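Here's the structure we're looking at; comments come further down.
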Amino acid sequence: VFDRTPLIAGNWKMNMDHSQGIALVQKLAWTLKDAKHDYSRAEVVVFPPFTDLRSVQSLVEGDGLQIKYGAQDLSDQDKGAYTGDVSGEFLAKLGCSYVLVGHSERRLIHHESDELCRDKVRAAVRHGLIPMLCVGEGLEERQAGNHVQYTLEQLRGSLADLGAGELEGLVVAYEPVWAIGTGEVAGPEDAQEMAAAIRAELEKLYGADFARATRILYGGSVKSSNVASIMAEPDVDGALVGGASLDAEEFAKIARFV
Ligand code: PEP
């Protein structure tokens with residue numbers, strides 16, 4: 001009943017201009033096709049830079065690809081005097097299905113607060129985009145043993161005042177900051193510990209059905225060589241992949257995770 005289709009997502013960060021982006025999505029689609037990838041077994045999503053989205057849309061729609069895509073960020077506002085920001089409304093018009101909210105690089109480099117993330121989650125939902133909310137502790141909290149408390153606090157803060165009805169389809173990505181782009185991978189048991197804690201918290205906030213239906217991903221130096229053990233954990237429903245998503249063959253292998 002609670003079908004949590006595994007989700008493998010690639011965050012390209014600030015890599016790939018639009019022509020490189022087209023080439024990457026094309027190669028990914030071919031590789032998955034050759035491997036007879038079953039998209040009902042694992043949904044495949046890419047998060048290119050804003051400037052690539054129109055090109056990715058043309059390719060995906062033109063070739064009828066089953067790969068989905070989204071943006072790495074959005075504004076909490078819909079339109080107006082917000083120079084440099086991008087509205088969820090525009091992203092929805094470009095066929096985006098998902099949008100990342102609160103990636104640790106946004107939280108650290110752009111000082112995004114839980115409150116702003118909450119407003120961005122709300123903006124995403126307002127425009128029919130599925131928010132992929134990123135949470136996760138730094139090395140300091142991990143070493144102090146406060147990682148669960150810290151991450152749940154972020155989760156609560158980034159969802160504050162939002163109701164279950166507004167959050168249908170929400171995806172949560174647990175990304176320990178110390179494991180992002182460092183080659184350090186949290187062990188499968190660490191990913192499971194946090195995913196279970198997040199699910200328990202979602203149950204407290206929104207009830208058991210919501211918690212059981214919500215996909216929780218792990219992110220942090222995921223590769224084809226470690227994805228299987230992470231995906232074997234009962235509360236981990238997918239992976240958010242940075243560096244390894246820039247290589248079509250490697251990312252296709254991750255999407256097949258067996
Ligand atoms: C990320 O940025 O979301 C990420 C998980 O990066 P990497 O896979 O490179 O650690």
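Just so you know, all these numbers are worked out from the coordinates, no wet-lab data involved. Computed from a prediction, not measured in an experiment: that's the story for all the values here. We place every Cβ from the backbone using ideal geometry, glycine too, and count neighbours over all the protein chains shown.
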- Query: Among Lys223, Lys93, which comes first, second and so on when ranked by fewest other beta-carbon atoms within 10 Å?
  - Reply: Lys93, Lys223
- With unit charges on the beta carbon (Lys/Arg positive, Asp/Glu negative), name the residue among Gln143, Thr31, Gly187 whose Cα is farthest towards the positive pole of the charge dipole of the chain. Thr31
- Message: If the elastic network links every pair of Cα atoms under 10 Å, which of Tyr69, Tyr150, Tyr174 fluctuates the most in the Gaussian network model of the chain?
- Response: Tyr150
- Relative contact order, percent, the chain [alpha-carbon distance under 8 Å, six or more residues apart]: 22 percent
- Note on the structure: With a Förster distance of 45 angstrom and the Cβ-Cβ distance between Ser58 and Arg156, calculated FRET efficiency to the nearest 0.05 equals 0.70
- Looking at Tyr206, Leu108, Pro48, which one has the Cα that reaches farthest to the positive end of the dipole of the chain (charges on Cβ: Lys, Arg +1; Asp, Glu -1)? Pro48
- Any chance you could get the radius of gyration and Dmax over the Cα atoms of region 7-246, in Å? 16.9, 51
- Message: Given all pairs of different Cα atoms, what value in angstroms does the Kirkwood hydrodynamic radius of region 1-147 take?
- Response: 16.4 Å
- Task: Taking 7 Å along the Cα-to-C-beta vector as the label spot, tell me the Arg41-Gln149 distance in nanometres, rounded to one decimal.
- Result: 4.3 nm
- Task: Collect residues whose amide H, placed 1.01 Å from N in the peptide plane, falls under 5 Å from the amide H of Tyr69; neighbours closer than 5 in sequence don't count.
- Result: Val46, Ser97, Tyr98
- Query: Taking a 23 Å limit on the Cα-Cα distance, which of the listed pairs Lys33/Lys223; Lys93/Lys253; Lys36/Lys223 fall beyond it?
  - Reply: Lys93/Lys253
- Task: Would you compute, from DSSP H runs of 4+ residues alone, the mean residue ellipticity of the chain at 222 nm, taking -39500 (n - 2.57) per run and dividing by the full residue count, rounded to the nearest 500?
- Result: -12500 deg cm²/dmol
- Message: If the only charges are +1 at each Lys and Arg Cβ and -1 at each Asp and Glu Cβ, what is the size of the charge dipole of region 7-246 around the Cα centre, to the nearest 20 debye?
- Response: 680 debye
- Query: What's the FRET efficiency of Ser97 with Glu249 using the Cβ-Cβ distance as r and R₀ = 22 Å, to the nearest 0.05?
  - Reply: 0.40
- In the chain, taking the dipole from +1 charges on Lys and Arg beta carbons and -1 charges on Asp and Glu beta carbons about the Cα centre, the listed residue (Ser225, Gly169, Tyr69) farthest towards the positive end is Tyr69
- Task: Among Ala197, Ala186, Ala35, determine the one that fluctuates most according to a GNM of the chain built with springs between C-alpha atoms less than 10 Å apart.
- Result: Ala35
- Rank the residues Ile216, Ile67, Ile8 as a footprinting-exposure proxy: fewest other Cβ atoms within 10 Å of their Cβ go first. Ile67, Ile8, Ile216
